[in-house]
Amino acid sequence: DSVKGSLLLLGHNAFLLAIQHLKTFMHNILFYCRIFSPEAACEVIEAERHSHVFYQAEPDIWMVMIVEKNKEAEAIWRIDALQKILSEVHSLFVMFHGSVRALLEKDPGGGLVRVHLHSFIMDYLSDFFVGKKLHLPSFRDCLKERGTIQMLTVSREVAIGVQSLVKVVESSCAGSTACNSLVLFQDLLVSTTLTPDDTVNLFTHALSRLTPRALSSVTNTWSYLRKGNTASQVATDSIIGNAESALNASRDTSPSGQRHRYHVPRPLQQEKWSKGKDGFLCTEIWGSQNDDLVPATPTVWLKQTGERAYLCVYQQKYLTIILLIPVTSIINGEQGISIVKQQLLENASPKILKVEEKLTRGWGGDNAYHVAGYRYLLFDSDRSISRASPPGKVTTLTKDSLLALNKLREEVDLEKSRTKQDDPSREKDLELCIRVKNNAWVIARVTRGKELYMVLEKANETLLYASDAVEQFSTRYCDGAFSLD
């Protein structure tokens, strides 16, 4: 009775990750998609027992999520939220392995990309297991926005200190090479020198694997679910084990009959990062360089430049510094990386300690951005930034309120999709207010690339009260962005 889901990838030659007997079935689905939606890409097909969610990841490369329907109310989800999962897993995959198309060009038979996709997606889905059940985002997650950054608000004095620290950190790179960095405190972003797309990818990965909270394995900040216990790991291992035959089948066979075996790093494996004595995080995910005992430093592909960069992570208590060093700038491999780390410690240690101390002193805790009387989500699509009520506060909402807000967000998603198809350059302002039977207001306001979703429970029954409450919130916390004036 649990929610069940599958991720399939469609490509130019064949399905790159799929069960063999589903090929014909999925081909027919795409054929009918073109009939009913010849100009715009099809996003979802609702069948009697399943929902088929589509996402065009790359030109001529489609990802499909097939989710089984059941009678459980907990399985109510938004299609846009499911598409965000497909978008996220693809973005992370490209960050670590490069594009699907590039892997296909290396091995047109698909064996190379199958092996990479299989292990990556299985490791990604492990974050969604609670016990033995796979929990996809449901109506209870309607006050979250996947694929966004949560920023830490700091004073001007602290911001100047952080900026000074970033300059020192990035100057640790060899020669005149331009490095990039991210600075996080707790699970919030403090500073970045990357583009929004690259920042979102690194931030998402940091929250799931690199921050102090992720390393402590107390909570899973990626999906806001409690991290699975032993049973969860057993369930995940069982899925991977049952698909071993698919992995073996996906090893390509050369004309000479020799099978190629691929080395596949698994960057999303859980509990593979640890903090070293020098404060830098280390992992054996990438194996060792030149068959020595020194683990190879992980690398990522940056979307902005199309270059590969070393991923170096330093941690001081609750402060996490991610340094991205272009691979082309390091001549001696791991030896060169060691020199950069040493320079960072020598040059930046005093500033790191000072910034961490100031951020800790000003930190308001997990409920720092709670606003009494409100349960809200702020989302800036232009900058991919969001802020929301703490998860613990959202759980105080009634089921009726969450269901109503989920439905309201579906209506907004649909209207945004229509506007995008009619005129992609035009942004439409929206305001929706619904009075729920449990005496609550659910509200949505969309304007100039910004979105506000709100639930007011035990509120006055008049629409004027709800409107005034939004105006007050907008004036105080949003610089008036959602005011009607």
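For (1) of a type outside the set (Lys, Arg); (2) assigned to a strand (DSSP E or B), each residue gets a yes or a no:
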site	(1), (2)
409	no, no
419	yes, no
424	yes, no
435	no, yes
443	yes, yes
455	yes, yes
459	yes, no
465	yes, no
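Restricted to the stretch 368-424, and to residues that are small (Gly, Ala, Ser) and free of Cβ contacts under 8 Å to residues at least 60 places away in the same chain, which residue is least open to solvent (accessible area, probe 1.4 Å)? Talk me through it step by step, then tell me what you get.
To start, the set of residues in the stretch 368-424 that are small (Gly, Ala, Ser) comprises 368, 372-373, 381, 384, 386, 388-389, 392, 401, 404, 417.
Next, only the ones that are free of Cβ contacts under 8 Å to residues at least 60 places away in the same chain stay: 368, 372, 392, 401, 404.
Details: 368: 42, 372: 81, 392: 51, 401: 0, 404: 19 Å².
Here the residue is 401.
Give the number of residues within the stretch 93-111 that are open to solvent by less than 20 Å² (accessible area, probe 1.4 Å) and either modelled with pLDDT of 95 or more or under 23 Å from residue 310 (Cα atoms) (or both). Explain how you work it out, then say what you get.
Taking the stretch 93-111 and keeping what is open to solvent by less than 20 Å² (accessible area, probe 1.4 Å), we get 93, 95-96, 98, 100, 103-104, 107, 110-111.
From the residues that got through so far, the ones that are either modelled with pLDDT of 95 or more or under 23 Å from residue 310 (Cα atoms) (or both) too are 93, 95-96, 98, 100, 103.
Selection size over the stretch 93-111: 6.
Condition first: without any contact (Cβ under 8 Å) to a residue 24 or more places away in the chain and within 26 Å of residue 301 (Cα to Cα). Now tell me which residues in the stretch 332-347 satisfy that.
Across the stretch 332-347, the qualifying residues are 332, 335, 338, 342.
With the condition kept exactly as written, say whether any residue in the stretch 133-149 is modelled with pLDDT of 95 or more, over 24 Å from residue 62 (Cα atoms), in contact with a strand residue (DSSP E or B) (Cβ under 7 Å, 6 or more places away or on another chain) and among the polar types (S, T, N, Q).
For the stretch 133-149, residues modelled with pLDDT of 95 or more, over 24 Å from residue 62 (Cα atoms), in contact with a strand residue (DSSP E or B) (Cβ under 7 Å, 6 or more places away or on another chain) and among the polar types (S, T, N, Q): absent.
Which residue pairs have Cβ atoms under 6 Å apart, sit 6 or more places apart or on different chains, and have a first residue in the stretch 348-366 that is farther than 13 Å from residue 162 by Cα and a second that is open to solvent by less than 80 Å² (accessible area, probe 1.4 Å)?
Note: pairs meeting the criteria are 366/390.
Would you point out the residue of the stretch 100-134, among those that are touching a residue at least 40 places away in the same chain (Cβ under 8 Å) and charged (D, E, K, R), that is nearest to residue 303 (Cα to Cα)? Quick ask: steps written out before the conclusion?
Let us first name the residues in the stretch 100-134 that are touching a residue at least 40 places away in the same chain (Cβ under 8 Å), namely 100-101, 104, 107-134.
Filter once more, keeping what is charged (D, E, K, R): 101, 107, 114, 123, 127, 132-133.
Values: 101: 15, 107: 22, 114: 22, 123: 22, 127: 25, 132: 35, 133: 34 Å.
It comes out as 101.
Residues 351, 303: which one is of a type outside the set (A, V, I, L, M), in the same structural domain as residue 280 (by the TED database) and touching a Gly at 6+ places or on another chain (Cβ under 8 Å)? Let's see the steps before the verdict.
Working: 303 fails: touching a Gly at 6+ places or on another chain (Cβ under 8 Å).
Selected residue: 351, the only one of 351, 303 that is of a type outside the set (A, V, I, L, M), in the same structural domain as residue 280 (by the TED database) and touching a Gly at 6+ places or on another chain (Cβ under 8 Å).
Against the conditions (1) under 17 Å from residue 300 (Cα atoms); (2) at pLDDT 95 or above; (3) open to solvent by 30 Å² or more (accessible area, probe 1.4 Å); (4) not hydroxyl-bearing (Ser, Thr, Tyr), where does residue 205 fall short? Just the number, please.
Of the numbered conditions (1) under 17 Å from residue 300 (Cα atoms); (2) at pLDDT 95 or above; (3) open to solvent by 30 Å² or more (accessible area, probe 1.4 Å); (4) not hydroxyl-bearing (Ser, Thr, Tyr), the odd one out for residue 205 is (3).
Across the stretch 146-198, what is the number of residues that are in the same structural domain as residue 312 (by the TED database), crowded, with 22+ Cβ neighbours inside 10 Å and hydroxyl-bearing (Ser, Thr, Tyr)?
Residues meeting the conditions: 1.
Within the stretch 425-440, which residues are of a type in the set (Val, Ile, Thr) and either open to solvent by 90 Å² or more (accessible area, probe 1.4 Å) or not assigned by the TED database to the domain that holds residue 460 (or both)? Even if it seems obvious, please write down each step before you answer.
Applying the first criterion (of a type in the set (Val, Ile, Thr)) to the stretch 425-440 yields 434, 436.
Answer for the stretch 425-440, where residues must be of a type in the set (Val, Ile, Thr) and either open to solvent by 90 Å² or more (accessible area, probe 1.4 Å) or not assigned by the TED database to the domain that holds residue 460 (or both): there is none.
Would you confirm whether any residue within the stretch 16-27 is part of a helix (DSSP H, G or I) and modelled with pLDDT of 80 or more? It would help to see each step written out before you state the result.
Narrowing the stretch 16-27 to residues part of a helix (DSSP H, G or I): 20-27.
Okay, now just the ones that are also modelled with pLDDT of 80 or more, so none.
Checking the stretch 16-27: not a single residue is part of a helix (DSSP H, G or I) and modelled with pLDDT of 80 or more.
The values are calculated or read from the model by the stated rules, or taken from the named source; none is laboratory data. Since the model is a prediction, treat every value here as computed from it, not as a measurement. Reconstructed Cβ throughout: ideal geometry from the backbone, glycine too, with neighbour counts over all protein chains shown. The accessibility values were calculated without ligands, DNA or RNA, using every heavy atom of the protein model including side chains. Shrake-Rupley method; radii C 1.70, N 1.55, O 1.52, S 1.80 Å.
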